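The values are calculated or read from the model by the stated rules, or taken from the named source; none is laboratory data. The structure displayed is predicted, hence computed values, not measured ones. Glycine gets a Cβ as well: all are built from the backbone with ideal geometry, and neighbour counts include every protein chain shown. Please note that ligands, DNA and RNA were not included when accessible areas were found on the heavy atoms of the full protein model with its side chains. Shrake-Rupley method; radii C 1.70, N 1.55, O 1.52, S 1.80 Å.
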Amino acid sequence: MSRVTVLGHESRIGEVVSVLQELGTVEVSQFGENLDDEERLDLACPYDPSERVAELDGVLAELEHVIDMMSNHRRVKRDLVQNFTGYRLYMTEEEWAVYVQDGSARAHDLYVRAKAIDDALAQLASSETAILTSLEHLMPWQGLDLPVEEVRSGRHVGLMLGTMDVRRFEAALAEASETAVGLAWELIGADNEKAYLLVAHALSDADAALRALSQAGFAEVRLDQYTGVPGEILARLRGELDDIRKRRSEIAQAMDVLVEERSSAFALYDHFHLERARYAITNRFGGTEHTFMVEGWVQTKDLEEFRTQIRKIADDIVVLDRPPLEDEEAPVELTNKGLAAPFEVITKTMGYPRQGTIDPSPYLGPFFLIFFGLCMTDAVYGLFIAGIALLLMKKTRSRLGDGGFLDLIFMCGIATVFVGALLGGWLGDLPKRLFGLDTAILFDPLENPTTFLILSFAMGVIQLYAGIIIKGYDNVRKGEWLSALYDQGFWLVWLTSLMLTIGGSALGPKGPEIAGIAKWFMIASALGLIATQGRQHRNPIKRIGSGLLSLYNTTGFMSDVISYARLFGLGFTSTVLASVMNDLFLRPAGIPIIGPVLAIVGLAFGHLFNILINIIGSYVHSSRLQYVEFFGQFFEAGGRRFMPFGMSTKYVTVDNSKEA
């Protein structure tokens, strides 16, 4: 990683930013991040992008509103894969250029049309709500033959509309009429709770009538906002409601036309998003009244290309570079190629290695593949996994060899084919059940579970040894030869001789002799560890004490080895389940006609179920062995991810272009 600084005249800012974005190889740092606020203010960039950024924020907000409306009206059709990977619109560079031509005018036109539709729908919704409210209000009075504006008091008689409890209104009004002379009423309608009444009373005794009605539970209803007979008003409102529905249908057709321009909205959004990013990044620049300065990080392999592209702008732009200083935290980018590249996915999940330390990706790869295969233990399962990976690559327009997650899954599938073939897993023990074939090359996990467990432990020892050796190599690389000898060399001799001393007698006729020789190596390496593992202490007692305590780390090593039993657990479970599926679904195979069909369908679903429940566990536990046991031997986390400024879009991928 190299630190770069670009200096030039302020008139060249736009061109430099465009090159930075198109190349996508430079992480732009905040200028003067080590300066105090006053010094940074004195060296602020002469260009202020805030006004244009605010304008672009407005355009993006409008386009986002348009896209949301389109999505609410008709969602983007996604296939099964896109439901997990997300939707991307793919287009050629020529299509992209057509879509973004006259971008501001087209974006504004889309927004105006969408806003008009939105406003019309809002107005219709408001009108519909008002009509429905009126319908609900007037429905109980549709039996009233009198125009509502005539329900008022005359010279001698007062008229009122009102409601009462449907269960007792007759008795209550009869009782009220005894105290209110001339009180009369007509039932207009009724429902389960209320009776809707037209009441007349003599104005000469109005106070008594109103008091009697109130005591009877009469609640006046006023329809002053309406004119006409309720039945006629209801018919008119229903007609208006039909008109609203027709109008809404017409607007929906207009919305259908607008949705056809979804691709244009996507392209325009990403176009202005990229433009906004170009303006916003200048907030990280520094400069003087007429000059600008950009600081950042670039991978050393991309430095010359970056310098060449900047020089194409103008000869007066200066590009300076230097290696990182000791106290600088340079970002980290993993740069593996070929077969090692896919394993960066596993490393990045754990975190980036600290700058200058070892990238574990190429070293964990073979172990991860073998572990995944041991967990699945079936060659046909591996073919299925590899096939699914290839299908997903086709769906997502990625290519085999890109170094992504799907490459990793494909490699896991191929590894499972080889491991499964060695262990005789071809849809479990189906060949043996059908044809009597013994397909295991190494051993059958069902018949030799102890061998499988020992193999798992052996893989653990090998990987842990590899981790210790890598740490030793790292120390040598740094010039710390003695640390490599004391901390890794003595430790490897101690562990190896300890295991040979304990188990050497099982190695055959010469086993006891080997164990006897190993014993002396064990004693010598133990003395070496005791003498060196506390070397950071000046006090001899503390030094010897720390050395003695270091031998206790042997239990940690053994614990790590035991963790690899999970390979046996998952692999044995997968094998047993496959055998159970075969036994269960082959039983009805002898039934005429329908039996073979049931067997084939059952076996297909049974083994698919076995794949699904085991593939996640195989991936997770194979990863866990890397993160905890393997990385624990040498990995130094704490690296900061390299995040170059480039073409980052939300919706569109432009084929054969970096704008994707």
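Return a yes/no flag: does region 497-506 have any residue that is over 45 Å from the mean Cα position of the chain (by Cα), at pLDDT below 95, over 16 Å from A578 (Cα atoms) and not in a helix (DSSP H, G or I). Among the residues of region 497-506, not one is over 45 Å from the mean Cα position of the chain (by Cα), at pLDDT below 95, over 16 Å from A578 (Cα atoms) and not in a helix (DSSP H, G or I), which makes the answer no. Consider region 127-161 and keep the residues that are of a type in the set (D, E) and farther than 13 Å from D224 by Cβ. The one that is surrounded by the most Cβ atoms within 10 Å (Cβ to Cβ) is E128.
Yes/no per residue for (1) polar (S, T, N, Q); (2) open to solvent by less than 30 Å² (accessible area, probe 1.4 Å); (3) part of a helix (DSSP H, G or I):
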position	(1), (2), (3)
T450	yes, no, yes
L453	no, no, yes
M459	no, yes, yes
L482	no, no, yes
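So, of the residues in region 438-448 that are buried (at least 18 other Cβ atoms within 10 Å of the Cβ) and not aliphatic (A, V, I, L, M), which turns out to be farthest from the chain's Cα centre (by Cα)? Going through the qualifying residues, I end up with T439.
Considering only region 370-388, state which residues are open to solvent by less than 30 Å² (accessible area, probe 1.4 Å), closer than 25 Å to Y627 by Cα and assigned to a helix (DSSP H, G or I). Once the filter is applied, which keeps residues that are open to solvent by less than 30 Å² (accessible area, probe 1.4 Å), closer than 25 Å to Y627 by Cα and assigned to a helix (DSSP H, G or I), region 370-388 yields F371, F372, G373, L374, C375, M376, G382, I385, A386.
Taking region 534-547 as the range and being open to solvent by 50 Å² or more (accessible area, probe 1.4 Å) and in contact with a helix residue (DSSP H, G or I) (Cβ under 7 Å, 6 or more places away or on another chain) as the test, the residues that pass are R535, H537, I544.
Whether any residue in region 248-264 is of a type in the set (S, T, Y) and in contact with a Leu (Cβ under 8 Å, 6 or more places away or on another chain) is what I want to check.
yes
Could you list, in sequence order, the residues of region 291-311 that are touching a residue at least 12 places away in the same chain (Cβ under 8 Å) and open to solvent by 20 Å² or more (accessible area, probe 1.4 Å)? Within region 291-311, T291, M293, E295, Q299, T300, K301, D302, E305, R307, Q309 qualify. When the criteria are applied in full, E55 fails the requirement of being over 30 Å from S11 (Cα atoms), open to solvent by 70 Å² or more (accessible area, probe 1.4 Å) and modelled with pLDDT of 90 or more.
Kindly evaluate V17 against the criterion of being crowded, with 18+ Cβ neighbours inside 10 Å, over 29 Å from the mean Cα position of the chain (by Cα) and at pLDDT 85 or above. Taking the combined requirement at face value, the residue satisfies it.
Here's the yes/no breakdown for (1) touching a residue at least 12 places away in the same chain (Cβ under 8 Å); (2) within 22 Å of R52 (Cβ to Cβ); (3) in a helix (DSSP H, G or I):
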site: E289; (1), (2), (3): yes, yes, no
site: E329; (1), (2), (3): yes, no, no
site: T335; (1), (2), (3): yes, no, no
site: E344; (1), (2), (3): yes, no, yes
site: Q355; (1), (2), (3): yes, no, no
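The residue that is nearest to the chain's Cα centre (by Cα), counting only those in region 314-332 that are at pLDDT below 90 and open to solvent by 20 Å² or more (accessible area, probe 1.4 Å), is E329. Cβ-Cβ contacts under 8 Å between residues 6 or more apart (or on different chains), taken from a first residue in region 595-609 that is within 17 Å of L383 (Cβ to Cβ) and open to solvent by less than 60 Å² (accessible area, probe 1.4 Å) to a second residue that is of a type in the set (A, V, I, L, M) and not in a helix (DSSP H, G or I), are listed as L603/L427; H607/L427. Considering only residues in region 206-261 that are of a type in the set (S, T, Y) and over 22 Å from M139 (Cα atoms), the one that is nearest to the chain's Cα centre (by Cα) turns out to be S249.
If I go through region 262-287 residue by residue, how many of them are over 27 Å from the mean Cα position of the chain (by Cα) and in a helix (DSSP H, G or I)? Residues in region 262-287 being over 27 Å from the mean Cα position of the chain (by Cα) and in a helix (DSSP H, G or I): 4 in total.
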